[in-house]
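Engineer: The structure that follows is given in the form of structure tokens.
The values are calculated or read from the model by the stated rules, or taken from the named source; none is laboratory data. In this text the structure is predicted, and so the values were computed from the model without any measurement. Counting neighbours? That spans all protein chains shown, and the Cβs are built from the backbone with ideal geometry, glycine included.
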Amino acid sequence: MKGVLGELQVNLAARFFLDKNQYKLFKNVTLPTEDGSTQIDHIIVSRYGVFVIETKNIRGWIFGGQNQKTWTQKIYRHTQKFQTPLHQNYKHTETLKSALQIAPEKMFSLVVFVGNSEFKTPMPENVVYGGAYIRFIKSKIQPILTETEVKTIASSIESGRLTPSIKTHRTHVKHVKKIVEDKQRSLDENLCPKCGNPMVLRKTRSGVNQGKQFWGCSGFPKCRMIRQIP
Ligand SMILES: [Zn+2]
């Protein structure tokens, strides 16, 4: 119930305080990741940037800073550590960024505490209580995306057409891996990395290195690839 209330708080605030023609709100967006999927509570897309919002429903006193990996919740006499939602949301933002192919400076990560909590340490700038997130969003007044970009991003999120770019990324990783493997294979089998012909042992004929051996491509003189023997 509490969780639902928290979500509602964010949804309602958005509905009442953000012009829906300028700010497009998306709820519970599932994004594919390398190891499964991740869910983003809220994404708000506007000309002022893409806001990635994580809601955190936690009660009690909160202790935590910008750069700490874990934060602490104190309720009555119980103390409990939890992963900083900033770190969690950073991963969400990164995933969305690669799916949408947008520049990092056009995205804002925002954590909203919706439970009955109180920070006992200074709150990082992008961590707020309840409806105060509206103020954070409205503090961004510089348009950084065009109307068309906003439309494209919104429709990508809407249609769930976020998979292709991640697949593309995976294909890219595979491609790079293949290049590295091919290079390693040519080293193992002592083939020329440039033309694939076997490398043969040769001797330097003149100069300071005279008599020194090296691997030269058997395709010489067509291919002049050499590999020094350390
Ligand atoms: Zn060669």
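Engineer: Can you name the number of the only condition in (1) at pLDDT 80 or above; (2) assigned to a helix (DSSP H, G or I) that residue 167 fails?
Structural biologist: So residue 167 meets the others, but not (1).
Engineer: Right, here's the next one. Inspect all residues belonging to the range 50-65 and state whether any of them is surrounded by fewer than 17 Cβ atoms within 10 Å (Cβ to Cβ), assigned to a strand (DSSP E or B) and not charged (D, E, K, R).
Structural biologist: Yes, the range 50-65 has at least one match.
Engineer: Another question about this same structure. When the residues of the range 104-117 are narrowed to those that are over 20 Å from residue 88 (Cβ atoms) and modelled with pLDDT of 90 or more, which ends up surrounded by the fewest Cβ atoms within 10 Å (Cβ to Cβ)?
Structural biologist: Checked the range 104-117; the qualifying residue surrounded by the fewest Cβ atoms within 10 Å (Cβ to Cβ) is 105.
Engineer: With respect to residue 94, determine if the residue is without any contact (Cβ under 8 Å) to a residue 12 or more places away in the chain and within 14 Å of the chain's Cα centre (by Cα).
Structural biologist: Values: without any contact (Cβ under 8 Å) to a residue 12 or more places away in the chain: yes; within 14 Å of the chain's Cα centre (by Cα): yes.
Yes; evaluated as a whole, the condition is true for this residue.
Engineer: Quick check on the range 205-229: of everything there that is surrounded by 12 or more Cβ atoms within 10 Å (Cβ to Cβ) and assigned to a strand (DSSP E or B), which residue is farthest from the chain's Cα centre (by Cα)?
Structural biologist: Top of the filtered list is 213.
Engineer: Moving to a separate point now. Is the range 125-136 home to any residue that is out of contact with any strand residue (DSSP E or B) (no Cβ under 9 Å at 6 or more places or on another chain), outside any helix (DSSP H, G or I) and not acidic (Asp, Glu)?
Structural biologist: Checking the range 125-136: not a single residue is out of contact with any strand residue (DSSP E or B) (no Cβ under 9 Å at 6 or more places or on another chain), outside any helix (DSSP H, G or I) and not acidic (Asp, Glu).
Engineer: Residue 188 fails exactly one of the following numbered conditions: (1) within 14 Å of the ligand (Cβ to nearest atom); (2) under 48 Å from the mean Cα position of the chain (by Cα). What is the number of that condition?
Structural biologist: (1)
Engineer: Here's something else I'd like to know. Name the pairs: first residue in the range 178-206 and within 10 Å of residue 218 (Cα to Cα), second residue part of a helix (DSSP H, G or I) and not hydroxyl-bearing (Ser, Thr, Tyr), Cβ to Cβ under 7 Å, at least 6 apart or on different chains?
Structural biologist: From residues that are within 10 Å of residue 218 (Cα to Cα), there are no pairs.
Engineer: Cβ-Cβ below 9 Å, separation at least six or inter-chain, first residue in the range 33-50 and in the same structural domain as residue 90 (by TED's automatic domain parsing), second at pLDDT below 75 and acidic (Asp, Glu): which pairs?
Structural biologist: So the pair list comes out as 41/7; 42/7.
Engineer: For the range 183-200: of the residues being of a type outside the set (Ser, Thr, Tyr) and at pLDDT below 75, which is surrounded by the fewest Cβ atoms within 10 Å (Cβ to Cβ)?
Structural biologist: Filtering first and then ranking leaves 188.
Engineer: One residue is enough: does the range 127-136 have a residue meeting the conditions in contact with a Gly (Cβ under 9 Å, 6 or more places away or on another chain) and modelled with pLDDT of 65 or more?
Structural biologist: yes
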